[in-house]
Amino acid sequence: MADLASATLEFCNMLRTEHDFTLGRAEVHDALRATEAIGVRERGRLRAALRAVCCTRPEEIPAFDRAFDAFFSSGAAGVPQPKHARRSRPDGGEEPPPDRQSSFRLEDESLAQRWQYLQARYSPIEGASPPPPIPLDGYDDADALVRRLISRIHLGRSRRLRPMPHGRFLDLRRTVRASLQTGGEIVALRRRGYPLRNPRFVILIDASRSMSEYAPAAIQVARALVRRSRRASAFVFSTALREITRDLRRNQPITNTGEAWGGGTRIGASLNAFVRNFGSRLDDHTFVIMVSDGLDIGDIPQLEHAMREIARRSAAIAWVNPHAAQAGFTPVSRGMQTALPYLASLTAWSGLADA
Amino acid sequence: MRPDRSHRSRRGASLLPHVNADRLREAFAERGYIADDDFATTFELMLALGKPLLIEGPAGIGKTESAKVLADVLGTRLIRLQCYEGLDAASALYEWNYPKQLLHLRVTERENDSVQLREAEIFSEPFLLRRPLLEAIVQDRAPVLLIDEIDRADEAFEAFLLEVLGEFQVTIPEIGTIRAKERPAVIVTSNRSRDLSDALRRRCLYLCIDYPPFEREVAILHARLPEINARLATQIARFMEWMRDQPFQKVPGTAESLDWALALVRLHRDALDDRTLEATMGCILKLQEDWELLRSMHARYAHLLTPDPNTPAHSAPPDPDYGLGTVQAH
């Protein structure tokens with residue numbers, strides 16, 4: 001049992017340092033209690049138990065499973081191994097094997113994942129310049145912009161009742177309490193009502209090559225947005241889509257963008273992916289901001305479908321096109337033509353200075 | 001109920017019986033809930049550690065049902081809090097019984113009590129209305145507390161839940177802090193319509209469930225509808241497995257499979273064919289766009305259906321039996 005406990009500790013440590021899991025002392029404590037409760041029965045059980053403790057969201061599960069398989073199947077911590085095998089290890093069986101990254105990864109990855117990887121590497125259109133780290137300059141401007149944006153969007157009233165001097169409903173709790181001062185006689189009625197609703201935001205940033213000049217500033221705005229509003233999500237896309245809300249909120253550099261950064265543009269496909277996978281982020285008080293030049297190399301009917309869906313499920317779509325500032329701009333690119341009927345506004349914006 | 005000020009170890013083990021995962025799984029199966037190993041292990045852990053469990057996954061795959069079955073397995077009460085937008089502490093935790101308070105003030109008008117005394121009187125336990133969260137905490141025997149669809153409530157409510165889930169205690173300013181006599185088994189479900197805060201996630205154990213694989217779906221159909229014939233169950237499960245890979249807006253879950261299977265059994269169909277599918281499509285797809293999409297993909301799912309009885313048998317491909325044994329006569 002001591003073996004298992006120290007292996008668990010080491011495993012948690014590895015998750016934290018190598019895979020960026022947020023595991024505090026409380027989580028590690030729970031992991032130990034979990035292994036104690038589940039005991040050495042079989043590998044699958046131990047994995048399910050540790051997963052329940054260490055993971056907090058679905059995106060973490062594949063990384064966890066890979067790390068678990070690499071760590072525990074090697075016999076390093078020896079949990080599912082027969083005893084004699086462990087005893088024969090000279091180092092007490094606590095060291096993970098040095099090559100656990102290289103030797104286990106490929107077998108674990110499904111064919112589809114490998115295929116995607118290859119595609120990303122060898123596709124002639126889709127460049128793969130790594131995204132720049134988020135620069136800190138310009139954040140204050142972006143933040144001011146976002147504050148103004150938030151204060152100007154009105155989406156009706158929330159369903160949560162708040163005390164209000166002239167609200168629609170009687171606030172019995174406060175009325176009764178106030179009546180105590182007057183011997184139980186109600187003199188003044190207290191009221192409550194529905195306050196104004198906070199909008200939700202979705203910002204979709206085109207990070208394709210043609211946008212490379214503008215995307216970093218747009219990322220700043222997205223960062224300000226997700227930090228100002230808990231109800232905001234941010235995405236980047238190029239030929240694929242990736243959510244960056246959490247990276248922005250945690251102030252981390254954006255990595256693993258893969259096909260979501262610096263390639264060609266498939267607005268239609270990316271937006272469809274958004275509707276399919278993140279459609280539930282949209283509701284009738286969601287304000288959608290698209291930052292793109294509308295130069296699409298993808299499928300126009302797909303774009304049409306995605307725009308229709310997003311427009312139907314959201315409060316409004318605002319399209320920010322950096323080229324719209326140029327003299328004589330008309331939204332003639334195929335992408336813009338398709339999207340135009342669904343937009344609430346089309347705005348020019350070429351950088352934070354322009355805000 | 002009395003404010004319990006005695007110290008109870010915060011990280012103390014749950015007072016719920018320790019149930020082994022295998023037995024839990026069997027008990028769930030007896031009640032028609034077919035779970036996999038990960039699911040059973042996580043539930044065992046939840047009971048052993050006494051921590052809340054956050055279950056995420058698509059709609060209609062038995063997240064809510066799992067709490068109901070758990071309450072039944074443990075032989076305890078299920079207390080359910082359905083979340084909705086605008087849910088506040090008054091509907092989730094407690095509320096004062098205002099008419100009763102006013103009446104009491106009126107009745108005791110002539111007694112010349114001080115304001116403080118009157119206040120203490122009407123803000124006391126007999127005037128308290130317990131809502132689900134408080135109800136769950138004051139039970140003598142640990143109940144199962146289901147906080148359903150937490151993603152529908154707003155962030156303010158989520159923050160408020162943290163105190164309850166972290167400490168299993170509730171503070172009512174007029175009465176004091178009430179600690180749970182027995183830690184309830186808490187199940188929180190979410191459909192991911194909104195990202196939950198990290199603080200809430202870290203208070204909970206986490207389980208992400210997905211649509212059941214083909215074999216488990218067949219088992220679920222048999223468990224819930226013992227009268228279904230094997231061929232129909234297989235066909236339904238195959239069809240659902242195919243459907244879940246298609247880009248429908250509302251992908252059908254297990255709940256839809258069961259509805260559909262029940263409809264087919266009631267209609268005395270023992271196989272899926274085109275006409276049956278058309279007639280019962282409303283059981284599985286709830287959006288007109290999805291209906292159209294399904295119809296447009298006919299060629300791709302035709303092999304999953306039994307050929308129409310009107311077409312001559314010899315031109316039809318043989319019925320696949322998927323290695324699941326003989327076909328029962330209905």
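The values are calculated or read from the model by the stated rules, or taken from the named source; none is laboratory data. None of these values were measured; they are calculated from a predicted model. Cβ atoms come from the backbone with ideal geometry, glycine included; neighbour counts cover every protein chain shown.
Would you call A:VAL176 surrounded by 19 or more Cβ atoms within 10 Å (Cβ to Cβ), in contact with a helix residue (DSSP H, G or I) (Cβ under 6 Å, 6 or more places away or on another chain), among the hydrophobic types (A, V, I, L, M, F, W, C) and closer than 30 Å to B:PRO173 by Cβ?
For A:VAL176, the condition - surrounded by 19 or more Cβ atoms within 10 Å (Cβ to Cβ), in contact with a helix residue (DSSP H, G or I) (Cβ under 6 Å, 6 or more places away or on another chain), among the hydrophobic types (A, V, I, L, M, F, W, C) and closer than 30 Å to B:PRO173 by Cβ - is met.
Tell me, which helices (runs of 4 or more DSSP H) wholly within region A:97-181 include 1 or more residues that are modelled with pLDDT of 50 or more and touching a Pro at 6+ places or on another chain (Cβ under 8 Å)?
Helices (runs of 4 or more DSSP H) meeting the threshold: A:139-152, A:172-180.
Can you work out which of the residues in region A:271-329 that are free of Cβ contacts under 8 Å to residues at least 24 places away in the same chain and assigned to a loop (DSSP other than H, G, I, E, B) is surrounded by the most Cβ atoms within 10 Å (Cβ to Cβ)?
A:PHE329
Return the residue satisfying two criteria in turn: it lies in region A:200-240 and is surrounded by 24 or more Cβ atoms within 10 Å (Cβ to Cβ) and over 21 Å from A:TYR139 (Cα atoms), and of such residues it is farthest from the other protein chains (Cβ to nearest Cβ).
Selected residue: A:SER208.
Report, by residue number, each residue of region A:172-199 that is farther than 15 Å from B:LEU105 by Cβ, of a type outside the set (S, T, N, Q) and at the interface with chain B (Cβ under 10 Å from one of its Cβ atoms).
A:TYR194, A:ARG197
Report yes if some residue within region B:18-25 is modelled with pLDDT of 90 or more, in contact with a Gly (Cβ under 9 Å, 6 or more places away or on another chain) and over 30 Å from A:VAL187 (Cβ atoms); otherwise report no.
Checked region B:18-25: no residue is modelled with pLDDT of 90 or more, in contact with a Gly (Cβ under 9 Å, 6 or more places away or on another chain) and over 30 Å from A:VAL187 (Cβ atoms).
If only one of B:ARG275, B:ARG269, B:ARG295 is more than 23 Å from B:ASN191 (Cβ to Cβ), in the same structural domain as B:HIS222 (by TED's automatic domain parsing), among the basic types (Lys, Arg) and assigned to a loop (DSSP other than H, G, I, E, B), which one is it?
Answer to the selection: B:ARG269.
Take the conditions assigned by TED's automatic domain parsing to the domain that holds B:GLU44, over 18 Å from the mean Cα position of the chain (by Cα), surrounded by 17 or more Cβ atoms within 10 Å (Cβ to Cβ) and assigned to a helix (DSSP H, G or I) and apply them to B:GLU163. Does it pass?
no
Name the residue, out of B:GLU65, B:GLU44, B:GLU26, that is over 12 Å from the mean Cα position of the chain (by Cα), surrounded by fewer than 22 Cβ atoms within 10 Å (Cβ to Cβ) and not assigned by TED's automatic domain parsing to the domain that holds B:ARG224.
B:GLU26
Do any strands (runs of 3 or more DSSP E) entirely within region B:28-138 hold 2 or more residues that are at the interface with chain A (Cβ under 10 Å from one of its Cβ atoms), and if so, which?
It comes to B:53-56, B:94-96.
Please specify each residue of region B:280-296 satisfying the condition of being surrounded by fewer than 17 Cβ atoms within 10 Å (Cβ to Cβ) and more than 18 Å from B:ALA237 (Cα to Cα).
Result: B:LYS286, B:LEU287, B:GLN288, B:GLU289, B:TRP291, B:GLU292, B:LEU293, B:ARG295, B:SER296.
I'm checking my understanding of the structure. Among residues of region B:225-279 that are in contact (Cβ under 8 Å) with a residue 40 or more places away in the chain and among the basic types (Lys, Arg), which one is surrounded by the most Cβ atoms within 10 Å (Cβ to Cβ)?
Applying the filter and picking the extreme gives B:ARG231.
Tell me which residues, restricted to region A:24-65, are in a loop (DSSP other than H, G, I, E, B) and surrounded by fewer than 17 Cβ atoms within 10 Å (Cβ to Cβ).
A:GLY24, A:GLY39, A:VAL40, A:ARG41, A:GLU42, A:ARG57, A:PRO58, A:GLU59
Does at least one position in region A:1-12 carry a residue that is without any contact (Cβ under 8 Å) to a residue 24 or more places away in the chain, of a type in the set (A, V, I, L, M, F, W, C), part of a helix (DSSP H, G or I) and more than 11 Å from every other protein chain (Cβ to nearest Cβ)?
Taking every residue of region A:1-12 in turn, at least one turns out to be without any contact (Cβ under 8 Å) to a residue 24 or more places away in the chain, of a type in the set (A, V, I, L, M, F, W, C), part of a helix (DSSP H, G or I) and more than 11 Å from every other protein chain (Cβ to nearest Cβ).
Quick check, is B:ASP88 closer than 17 Å to B:PRO52 by Cβ, in the same structural domain as B:PRO184 (by TED's automatic domain parsing) and in contact with a Lys or Arg (Cβ under 9 Å, 6 or more places away or on another chain)?
Taking the combined requirement at face value, the residue does not satisfy it.
Go through the residues of region B:245-256 one by one and say whether even a single one is in contact with a helix residue (DSSP H, G or I) (Cβ under 6 Å, 6 or more places away or on another chain) and either of a type in the set (Asp, Glu) or assigned by TED's automatic domain parsing to the domain that holds B:LEU54 (or both).
No, because not a single residue in region B:245-256 is in contact with a helix residue (DSSP H, G or I) (Cβ under 6 Å, 6 or more places away or on another chain) and either of a type in the set (Asp, Glu) or assigned by TED's automatic domain parsing to the domain that holds B:LEU54 (or both).
Please state which one of A:ARG281, A:ARG308, A:ARG230, A:ARG312 is at pLDDT 80 or above and within 14 Å of A:VAL202 (Cα to Cα).
The match here is A:ARG281.
State all residues of region B:177-216 that are within 20 Å of the chain's Cα centre (by Cα), in a loop (DSSP other than H, G, I, E, B) and within 12 Å of chain A (Cβ to nearest Cβ); if no residue qualifies, say none.
Within region B:177-216, B:ASN191, B:ARG192, B:SER193, B:ARG194, B:ASP195, B:LEU196, B:CYS204, B:ILE209, B:ASP210 meet the criteria.
Output the residues belonging to region B:160-173 that are touching a residue at least 40 places away in the same chain (Cβ under 8 Å) and either within 14 Å of chain A (Cβ to nearest Cβ) or in contact with a Gly (Cβ under 6 Å, 6 or more places away or on another chain) (or both).
Passing the criteria: B:PHE160, B:LEU162, B:LEU165, B:GLU167, B:ILE172.
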